[in-house]
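The values are calculated or read from the model by the stated rules, or taken from the named source; none is laboratory data. Treat the numbers as computed from the prediction; the structure is a model and nothing was measured. Every residue, glycine as well, gets a Cβ built from its backbone with ideal geometry; the counts of neighbours run over all protein chains shown. These area figures cover heavy atoms from the full protein model, side chains too; ligands, DNA and RNA do not enter into them. Shrake-Rupley method; radii C 1.70, N 1.55, O 1.52, S 1.80 Å.
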Amino acid sequence: MFQRAIVIGCPGSGKSTFSRKLRDSTGLPLYYLDLLWHKPDRTTVSREKFDKRLYEILMQEQWIIDGNYQRTLETRLHFCDTVFLLDYPLEVCLAGAESRIGKKREDLPWVETEFDEEFRQWILDFSERQLPEIYTLLERYREEKQIFIFHSRQEASRCLASLESE
């Protein structure tokens, strides 16, 4: 069983839902990078404060960290033992992001009231701008980390079910 896992993937892919299910089946503490970065008033903390809080989490014996934040991805890869990448089709991610508008979530300090155009564009550009770098980093760590890559929610659900049965 893993002790330190990261959950990454396109916004709207269901990282937070997957992470909560992972937490519930393992009992490991779960940390959302969005909660480290965003303040309830929709401003952000400084990079220094974010990095300090992230490092404090990384120093713990056990954790699940949910979120991309590409700038710190390699650092988290260094410390984790397991990676879960949700690499879903664009349509799934767009629908996922849109479906959570107006819903209170434990992974974000406010309720989204609209599908922000800048955020939508981030999702549209993710597979071209972010994913290649993610795969390059995963390749670098593939020998020393347990890496799960899911291309559908069904694959992720099967993995969670197998973890629960262990």
Quiz item: Can you pull out the residues in segment 23-35 that are touching a residue at least 40 places away in the same chain (Cβ under 8 Å) and under 22 Å from Q70 (Cα atoms)?
Solution: Y32, D34, L35
Quiz item: Could we say that Y69 is among the hydroxyl-bearing types (S, T, Y), crowded, with 16+ Cβ neighbours inside 10 Å and either over 13 Å from G9 (Cβ atoms) or free of Cβ contacts under 8 Å to residues at least 40 places away in the same chain (or both) here?
Solution: yes
Quiz item: Quick check: anything in segment 81-102 charged (D, E, K, R), within 17 Å of I6 (Cα to Cα) and touching an Asp or Glu at 6+ places or on another chain (Cβ under 9 Å)?
Solution: yes
Self-check item: Among (1) at pLDDT below 95; (2) part of a strand (DSSP E or B) - the single one F84 does not satisfy
Solution: (1)
Exercise. Collect the residues in segment 45-66 that are closer than 22 Å to D24 by Cα and either assigned to a loop (DSSP other than H, G, I, E, B) or of a type in the set (G, A, S) (or both), keeping them in residue-number order.
Key: M59, Q60, E61, Q62
Quiz item: Residues L28, L108: which one is in contact with a helix residue (DSSP H, G or I) (Cβ under 8 Å, 6 or more places away or on another chain), within 19 Å of A156 (Cα to Cα) and assigned to a loop (DSSP other than H, G, I, E, B)?
Solution: L28
Practice problem: Go over the candidates T72, T136 one by one and state the one that is more than 21 Å from L22 (Cα to Cα), of a type in the set (V, I, T) and more than 14 Å from the chain's Cα centre (by Cα). | Solution: T136
Quiz item: Given the residues S13, S25, S19, which is the only one that is over 23 Å from Y141 (Cβ atoms) and either open to solvent by 60 Å² or more (accessible area, probe 1.4 Å) or among the polar types (S, T, N, Q) (or both)?
Solution: S25
Practice problem: Test each condition in (1) surrounded by fewer than 16 Cβ atoms within 10 Å (Cβ to Cβ); (2) touching a residue at least 24 places away in the same chain (Cβ under 8 Å) for H38 and report the one that comes out false. | Solution: (1)
Quiz item: Which residue pairs have Cβ atoms under 9 Å apart, sit 6 or more places apart or on different chains, and have a first residue in segment 109-122 that is closer than 21 Å to K39 by Cβ and touching a residue at least 40 places away in the same chain (Cβ under 8 Å) and a second that is open to solvent by less than 50 Å² (accessible area, probe 1.4 Å) and assigned to a helix (DSSP H, G or I)?
Solution: P109/D34; F119/A97
